[in-house]
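The structure under discussion appears below in the form of structure tokens.
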Amino acid sequence: MTQSLLPTIEDSLLLVVDVQGKLARLMAGSEAMIERQRILIQACRLLGLPVVWAEQLPDKLGPTVPELAEVLTGLTPLTKSSFGCLGDEALKRKVIECRRRHIILCGIETHVCVWQTAAALKDEDFEVHLVCDAVSSRSRENHRIAIHRMRAIGVHPSSVEMVLFELMGDAHRRSFREVTRLLK
């Protein structure tokens, strides 16, 4: 792997997709997934990454789960009706305006909104890092198939710990101690 494929603090953003209401609680391994997402969001904010936060029809599906809304304080979710985030003009514009080449992706459901977002991001020539322990579907089979399809189009599978250490790159990085405390 070349250095250009690794996410960096200066060239990455975190995209949080639709972790909302009762649906979030129906995901396979939902408690662990939400905890991994929480750690990822907190660490990315500590490191100064832009965070883009999407909600799918919150009037129908409900708001983002409280565990994540709490660590997203100060940010405003962007509402969408399209399954993929780039199908919504405001979300697409927000991602492009951040001028970051690497998109770190977490959320639900892996085989619907996350998959369609990843495919559209690849079409726009972004490097997409799928945080596999921070995405899920109601069915483990749909989750598995979606990850397989994403790998086939060049999405980089990752984990919360892996992507955070890639972002920091060095133990002397500012916020290293705070980030590693979150991981323990």
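Considering each residue of the range 93-133, count those that are in a strand (DSSP E or B) and closer than 19 Å to P63 by Cβ, and give that number. Break it down stepwise before answering.
Here is the first cut: in the range 93-133, the ones in a strand (DSSP E or B) are 102-108, 127-133.
Checking which are closer than 19 Å to P63 by Cβ leaves us with 106-108.
Counting residues in the range 93-133 that are in a strand (DSSP E or B) and closer than 19 Å to P63 by Cβ gives 3.
Please go through the range 63-87 and give me each residue that is surrounded by 15 or more Cβ atoms within 10 Å (Cβ to Cβ) and either hydroxyl-bearing (S, T, Y) or at pLDDT below 95 (or both), ordered by number.
Here is the first cut: in the range 63-87, the ones surrounded by 15 or more Cβ atoms within 10 Å (Cβ to Cβ) are 64-65, 67-69, 71-72, 75, 77-78, 80, 82-87.
Matches in the range 63-87: T64, S82.
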Inset, instruction - For R173, state whether it is outside any strand (DSSP E or B), among the basic types (K, R) and either closer than 27 Å to P66 by Cβ or over 17 Å from the mean Cα position of the chain (by Cα) (or both). - result: yes
Legend entry - Which numbered condition E109 misses (of (1) closer than 21 Å to L6 by Cβ; (2) within 15 Å of the chain's Cα centre (by Cα); (3) of a type outside the set (G, A, S)): (1)
Inset, instruction - Would you check if V163 is under 18 Å from S4 (Cα atoms), of a type in the set (V, I, T) and not in a helix (DSSP H, G or I)? - result: no
Legend entry - Looking only at the range 151-160, and only at residues there that are assigned to a helix (DSSP H, G or I) and more than 14 Å from the chain's Cα centre (by Cα), the one that is farthest from V114 (Cα to Cα): A152
Inset, instruction - Kindly list, by first and then second residue, each pair from a residue in the range 162-180 that is more than 17 Å from L130 (Cα to Cα) and surrounded by fewer than 17 Cβ atoms within 10 Å (Cβ to Cβ) to a residue that is modelled with pLDDT of 90 or more and polar (S, T, N, Q), limited to pairs with Cβ atoms under 8 Å and residues at least 6 apart or on different chains. - result: G169/T8
Inset, instruction - Please determine, by comparing only the residues of the range 129-149 that are of a type in the set (A, V, I, L, M) and over 28 Å from T180 (Cβ atoms), which one is surrounded by the fewest Cβ atoms within 10 Å (Cβ to Cβ). - result: I145
Legend entry - Given (1) touching a helix residue (DSSP H, G or I) at 6+ places or on another chain (Cβ under 9 Å); (2) on the phi < 0 side of the Ramachandran plot, index of the condition G48 fails: (2)
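Could you pull out the residue among R99, R45 that is surrounded by 15 or more Cβ atoms within 10 Å (Cβ to Cβ) and within 25 Å of F165 (Cα to Cα)?
None of the other options fit; the residue is R45.
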Inset, instruction - Return the pairs, sorted by first residue and then second, in which the second residue is aromatic (F, W, Y) and assigned to a helix (DSSP H, G or I), the first residue lies in the range 137-151 and is at negative phi and touching a residue at least 24 places away in the same chain (Cβ under 8 Å), the beta carbons are less than 7 Å apart, and the residues are 6+ apart or on different chains. - result: A146/W115; R149/W115; M150/W115
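The values are calculated or read from the model by the stated rules, or taken from the named source; none is laboratory data. Note that the structure is predicted; figures quoted are calculated from it, not measured. No Cβ is skipped: glycine too gets one built from the backbone with ideal geometry, and neighbour counts run over all protein chains shown.
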